[in-house]
1. Answer yes if at least one residue in the range 125-134 is assigned to a helix (DSSP H, G or I), modelled with pLDDT under 90 and not assigned by the TED database to the domain that holds Glu305, and no otherwise.
2. Which residue pairs have Cβ atoms under 8 Å apart, sit 6 or more places apart or on different chains, and have a first residue in the range 159-172 that is in contact (Cβ under 8 Å) with a residue 12 or more places away in the chain and a second that is part of a helix (DSSP H, G or I) and hydroxyl-bearing (Ser, Thr, Tyr)?
3. Go through (1) of a type in the set (Ser, Thr, Tyr); (2) surrounded by fewer than 16 Cβ atoms within 10 Å (Cβ to Cβ); (3) within 19 Å of Leu387 (Cβ to Cβ); (4) touching a residue at least 40 places away in the same chain (Cβ under 8 Å) one by one and return the number of the condition Ser343 breaks.
4. Filter the range 170-208 for residues that are within 21 Å of the chain's Cα centre (by Cα) and of a type in the set (Ser, Thr, Tyr); which is farthest from Lys293 (Cα to Cα)?
5. Sort through Arg250, Arg227 and tell me the only one that's part of a helix (DSSP H, G or I), of a type in the set (D, E, K, R) and surrounded by 17 or more Cβ atoms within 10 Å (Cβ to Cβ).
6. Of everything in the range 58-73 that's in a helix (DSSP H, G or I) and touching a residue at least 24 places away in the same chain (Cβ under 8 Å), which residue is surrounded by the fewest Cβ atoms within 10 Å (Cβ to Cβ)?
7. Does any residue of the range 74-82 turn out to be of a type in the set (Gly, Ala, Ser) and surrounded by fewer than 17 Cβ atoms within 10 Å (Cβ to Cβ)?
8. What is the number of the single condition among (1) under 19 Å from Met334 (Cα atoms); (2) modelled with pLDDT of 95 or more that Cys182 does not meet?
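The values are calculated or read from the model by the stated rules, or taken from the named source; none is laboratory data. Since we're looking at a predicted model, the values are computed, not measured. Please note: Cβ atoms are built from the backbone with ideal geometry, for glycine as well, and neighbour counts cover all protein chains shown.
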Amino acid sequence: MVLQDDIQLLIWVFGATVLLPVLVLFLFPFLSDYIRKWRILSPIQNVKRPLPLLGNALHLETDGSAFFQQLILYSEQFRDKPLVKLWIGTVPFLILYNAEVVEDVLSSSKYIEKAYPYKFLEPWLGTGLLTSTGEKWRSQRKMLTPTFHFKILSEFLDVMNEQSNVLVAKLEQHLDKGKFNCFLDMTLCALDIISETAMGKKIYAQSNSDSEYIQAIYKMSTIIHKRMKHPWLWPDFLYFRLKSGKEHNRNLNILHMFTEKVIKERASELEQLTSTDSFTDGNSDSRRPKERKAFLDMLLTTTDEEGKKLSLKEIQEEVDTFMFAGHDTTAASMNWALFLLGSHPEVQLKVHNELDEVFGESDRRATMDDLKKLQYLDAVIKETLRLFPSVPIIGRAAREDCTIVADHGASTLGPLAILCCCGFVKKEVRLEGRRRRPTWMS
């Protein structure tokens with residue numbers, strides 16, 4: 001028995017003796033790169049003192065709203081600094097909030113690759129326009145640009161009118177009942193609009209906010225944001241064995257099954273329409289109303305320079321991207337616009353007067369000609385987007401060497417993540433050193 005125990009002990013010692021050097025060799029490049037970046041970036045102001053290997057992950061607020069407020073606080077606290085850094089695990093992020101620096105990064109073709117946390121969107125959105133980079137991003141953008149032609153977008157005005165009427169009816173229920181939070185109402189309206197314009201599918205979000213698909217969108221957004229900020233959830237082999245990883249996959253399955261079904265149904269309908277038109281030699285009934293094309297319809301028919309169509313997988317990536325990013329950004333802008341109008345009654349009155357001039361006492365639907373006349377409302381929307389960009393934080397990866405200039409000299413770093421905090425840049429517009437208001441608000 002003693003001999004058997006000794007043999008087992010020798011096996012463990014031998015195994016440890018062999019595995020330890022292998023582990024050290026495996027981790028050495030990673031640890032040496034981490035230590036090098038830590039040393040080189042040390043002159044740059046930390047938002048808080050980072051912990052080894054964990055960085056600032058434990059300092060970050062879990063709730064999305066609280067995290068947003070936290071970043072605002074950091075940008076104000078270090079306003080005199082050109083940039084600050086934040087460590088999430090072993091990955092350093094340079095946080096930029098100087099308008100000129102942010103402009104340089106976002107306007108440069110060198111920084112089109114997305115920052116590391118974007119990879120956690122890929123199980124849902126694939127490598128669509130939001131998450132792709134390099135040549136694929138360029139070719140996708142070139143292929144999709146015609147689908148945003150002004151004439152095509154104008155066809156969606158009927159959808160916006162219809163869903164806006166639903167929204168107004170819901171808001172009227174709150175009249176003379178005191179304060180209420182309109183955020184969800186605006187968001188569901190945006191979701192209804194983007195669903196019908198992107199997929200050609202009504203989901204009735206404003207009247208059925210408890211539907212499985214709608215709930216999955218919000219749950220998935222929360223799950224992904226949480227994972228981005230917690231580096232211990234980054235390894236896939238560990239994450240998908242945890243409760244949150246299983247919840248991630250459950251919601252992902254709901255989202256993909258819904259959009260996949262819509263795409264296949266629409267592709268089948270378009271194929272039948274094409275067959276019918278071919279059978280009638282294109283002499284279809286002229287009395288039949290012209291069917292409005294959704295974004296999905298154009299994805300199903302668009303081709304690249306070589307005449308190749310998008311695969312069903314590529315189409316689903318773009319549809320999922322527009323369902324998520326399209327409704328989220330639009331809802332944010334609408335809510336900020338209402339907030340600003342409520343905070344500035346004098347501006348709200350001017351908007352109201354302009355609407356009365358264009359529509360009078362009529363309840364008719366808005367037309368494209370009406371929108372051209374609403375110049376002050378257009379200015380309010382532009383000012384809202386200037387003050388509160390619909391995407392307040394944009395992540396980019398610098399794959400080329402970056403030069404960090406500090407008091408002790410210049411040091412060169414390899415790949416680095418950059419967070420451009422567009423929502424936190426100083427908001428005044430400067431002309432020859434003097435502050436002025438944007439011309440559209442004059």
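1. Yes, because at least one residue in the range 125-134 is assigned to a helix (DSSP H, G or I), modelled with pLDDT under 90 and not assigned by the TED database to the domain that holds Glu305.
2. Once the first residue is in contact (Cβ under 8 Å) with a residue 12 or more places away in the chain and sits in the range 159-172, its partners that are part of a helix (DSSP H, G or I) and hydroxyl-bearing (Ser, Thr, Tyr) give Val159/Thr197.
3. Every condition holds for Ser343 apart from (4).
4. Thr187
5. Arg227
6. Result: Gly64.
7. No, the conditions are met nowhere in the range 74-82.
8. (2) is the only condition that Cys182 fails.
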